[in-house]
1. Using packing as a proxy for protection, rank 294-304, 308-318 so that the peptide with the highest average count of other Cβ atoms within 10 Å comes first.
2. Reachable aspartates and glutamates from Lys171, Cα under 18 Å, same-chain residues fewer than 8 places away excluded?
3. Helix-derived [θ] at 222 nm for the chain: sum -39500 (n - 2.57) over DSSP H runs of at least 4, divide by residue count, nearest 500?
4. Starting from the Cα-Cα distance between Met223 and Lys162, subtract it from 0.36 nm times their residue separation and give me the gain in nm to one decimal.
5. I need the trypsin sites (Lys or Arg not before Pro) found in the range 74-144, filtered to DSSP loop residues with at most 14 other beta carbons within 10 Å of theirs.
6. Only one of the values (1) 100, 46, 39; (2) 72, 53, 40; (3) 63, 55, 39 was calculated from this structure for Cα extents along the principal axes in Å; name its label.
7. Output the pairs from Lys137/Lys310; Lys140/Lys335; Lys310/Lys335; Lys34/Lys76 with a Cα-Cα distance over 20 Å in this structure; if there are none, say none.
8. Using +1 on the beta carbon of Lys and Arg, -1 on that of Asp and Glu, and nothing else charged, what's the dipole of the chain about the Cα centre, debye to 20?
Amino acid sequence: MNSLKFTTLVAAAAVTMTTFSMTSTAADRVYKLKMAETWTTNFPIFGDAPRNMARIADEMSNGRLKITIDSANKHKAPFGIFDMVRSGQYDIGHSASYYWKGKVANTLYFTTMPFGMTAPEQYGWFYEGDGMKLMEKVYKPFGLLSFPGGNTGMQMGGWFKKEINTVDDLKGLKMRIPGFAGEVLAKLGAKPTNIPPGELYTALERNTIDALEWVGPSLDLRMGFHKIAPYYYTGWHEPATELQFLVNERTWKRLPDDLREILRVSMKLSAYDMYIQSYHESGVNWATMKTDFPNIQVKTFPTPVLKAMKQANDELLAEAAAKDPLTKEILDSQKEYLKTARIWTDISDRAYLDSLDSISE
């Protein structure tokens, strides 16, 4: 073999070994991400979702994707998730989209809407309709990506110290209620506010607020609200409350393709797991509530009050859509999707339950 050929072979082998080494190193590299959550340490159900996500991502990636979680009592900013993830202080956040309405008004439509879709309908809109595409359109200008982060299902209408009999009973009512529902009640004369989860009981006990909504029996009973506010109203305002995984776009882009897909699947699976867990816990707790807490009075808002809420809701939606083309696009998309989905809900779930009622004596 002449020297030129030998030199060429040695060079080729060196390139091959270098390429193999680089590929091997890339495949073995561990990516460490930081997540901030709105919830306090060991907060049930809501806090389980991000931990399940981190565990699933770790297992599916064979340890190449490690996610650590800082709770609100560590980072001290339960409603600061948007800014902390946007700035890169954290790679991921777990919170709720409607908390950012003061920063970006169009974010609030991706949690849930009063008198809107149920959880299965809303999941259909996210994944088979335009929901994910529209959510990307809202968050991308801020260098963020948003993914569904776990659903509570239908939420209860809240805990009240006094019974609500007329619309006038809402006037001046100080109530913890976030999202679009807070705007609806404000239009009817109430004084809505938002308070971090860890401060709710104290605010109710000290009369900082007169009423609050939190979630439902899956979480409410262990919070002890019934000790102060015995009237427990059925829901209207949050029929499908979807939490949120918020991801810094720079972090997303620097992940290899396979880890991006693992992260995407981990978020989706843990979100659905939270929906199952929340539904289960609500059923179990509701079944025992009357026995364990006989003083709780379950109420439904009177029809005139619900009609006033619905009218205020419709008027506010029309005003919002008229002000911003993207808002109109989001609301029109939800409305059109619901037309189709609700027909099936009516003929499937509602018809089934009505049929059972007709033969139950």
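1. On the way: 294-304: 13.0, 308-318: 16.6.
By packing density, highest mean first, the sequence is 308-318, 294-304.
2. Answer for Lys171, where 18 Å is the Cα cut-off: Glu163, Glu183, Asp210, Glu213, listed by chain and number.
3. On the way: 14 runs with 180 residues, N = 361.
After summing the helix terms and dividing by residue count, I get -16000 deg cm²/dmol.
4. Details: separation 61, 0.36 × 61 = 21.96 nm, distance 1.89 nm.
That works out to 20.1 nm of additional length.
5. Values: sites: Lys74, Lys76, Arg86, Lys101, Lys103, Lys133, Lys137; in loops: Lys76, Lys101, Lys103.
Passing both the DSSP loop test and the Cβ count: Lys76, Lys103.
6. (1)
7. Values: Lys137/Lys310 28 Å; Lys140/Lys335 23 Å; Lys310/Lys335 15 Å; Lys34/Lys76 15 Å.
Exceeds cut-off: Lys137/Lys310; Lys140/Lys335.
8. Dipole magnitude for the chain comes out near 1280 debye.
Laboratory data are not the source of any read-out in this text; all were calculated from the coordinates shown. Only a predicted model underlies this, so the values are computations on that prediction, with no experimental measurement involved. Virtual Cβ from ideal backbone geometry, glycine too; neighbours counted across all protein chains shown.
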